[in-house]
Amino acid sequence: MDNATANGSKFNVKSIIVVFAISIAYLLISKWLVGYKTDQLFLIVIFNVCFFLPDITALTGFDSSITRKFILGFSIFIVYWIIFDYMKAFPNYNYNTVHIADLYNAEKHIFGITYNGKLLTPNEYWRINGNTFLDISAGIFYLCWIPVPLAFAGFLFFWNRKQFLYFSLTFVLINFLGFIVYYLYPAAPPWYVEYHGFDFHAATKGNTAGLAKFDNYFHAGIFKSIYSKGSNVFAAMPSLHSSYPVVVLYYGLKNRLRWANVFFVIVMLGIWFTAVYASHHYILDVLAGIICAVTGITIFNILVSRVKLFREFIGKYEESIR
């Protein structure tokens, strides 16, 4: 048995052709749909390096097969990111009416706060009554919305591959449910009303809103950079920011991670509060995000328990990354 085989390498001409073809197709389609961006090339480089590293190092006797397994496992998140990015080419406001005034008025009617004799939405109340401590805390919590789920996925990958797949597939399923709602019910975020009123402007760019206070305090453009890459301003309902910590906590509890779950609860509550405090979402959006997460978890569990073909798919996927 040669070193390549001993190290679990599956290097062959077919794998080179398939991976390179997918890589080139991705870059061409991306350029056509959303225009070329350096992060697209970065993604391709990372994928190819991780996938082919075991073949490159096989002859040295160094087993780097884990990189291929890792990138194949995290391809679930790569698919999610690509679909999210491509949504820029198909703005949801082209398919349904954007909800602005009705959502704002519903929020005020259900959760309105009377302040100085005037009824305000919670976003408006916190805009007036915020402080530096909350500005900084809000920024820290909102910076967790992707790193925490990805770090948790990384932990599960090395700890329990099946639970990693369960978490990752549930995470992506929840996102797909959210995307469907985005197109069925396009909705403007609270900051849109603050800056543009109730009139619809399709060309509106993303805005850091209340998170600008965090950027300004630290003289950084962290959130400005993040929101300049947003796929769609009119995708506030549901708040997927609010969905992510729910699925993390669910799998944390399911796997009995003890003190880690205390951290997950704190992050979850912090993200929910920040979504409203920073005027990126209404409370209604947050509640919709929670419902979306619970629905996605429920659907996934039903698929696992009742659909044999789905269980077999997960089983084969697990074998490929072990």
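The values are calculated or read from the model by the stated rules, or taken from the named source; none is laboratory data. All of these numbers come straight from a predicted model, not from anything done at the bench. So basically every Cβ, Gly included, is an ideal-geometry build from the backbone, and we count neighbours across all protein chains shown. When the accessible area is computed, the model is the full protein with side chains, heavy atoms only, and any ligands, DNA or RNA have been set aside. Shrake-Rupley method; radii C 1.70, N 1.55, O 1.52, S 1.80 Å.
Structure data summary
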{"read-out": "Kirkwood-based Rg to Rh ratio, the range 55-124, C-alpha trace", "value": "1.42"}
{"read-out": "Probe 1.4 Å, accessible area per residue of the range 14-144, Å²", "value": "55"}
{"read-out": "Chain lengthening between Ile56 and Lys254 when straightened (0.36 nm per residue, less Cα-Cα)", "value": "67.4 nm"}
{"read-out": "Förster radius 25 Å - calculated FRET efficiency between Val262 and Asn216, Cβ distance, rounded to 0.05", "value": "0.20"}
{"read-out": "Lys/Arg +1, Asp/Glu -1 at C-beta; the chain dipole; positive extreme among Thr57, Gly154, Ile76", "value": "Thr57"}
{"read-out": "Computed over the chain, Kirkwood Rh from alpha-carbon pairs, angstrom", "value": "21.6"}
{"read-out": "Rounded to the nearest 20 debye, dipole of the chain from Cβ charges on Lys, Arg, Asp, Glu", "value": "680"}
{"read-out": "The chain - percent of accessible surface contributed by carbon and sulfur, probe 1.4 Å", "value": "68"}
{"read-out": "Å² per residue, accessible surface of the range 207-264 at 1.4 Å", "value": "49"}
{"read-out": "Gained length - Asn96 relative to Lys205, 0.36 nm times residue gap less alpha-carbon distance", "value": "37.4 nm"}
{"read-out": "The chain: calculated mean residue ellipticity at 222 nm from DSSP helix runs of at least 4, using -39500 (n - 2.57)", "value": "-22000 deg cm²/dmol"}
{"read-out": "Cα Rg, Dmax, the range 136-235, angstrom units", "value": "16.7, 50"}
{"read-out": "Debye, to nearest 20: dipole size of the range 42-156, +1 on Lys, Arg Cβ, -1 on Asp, Glu Cβ", "value": "100"}
{"read-out": "Virtual paramagnetic centre 7 Å along Cα→Cβ of Ile82, amide N under 19 Å, in the range 35-58", "value": "35-53"}
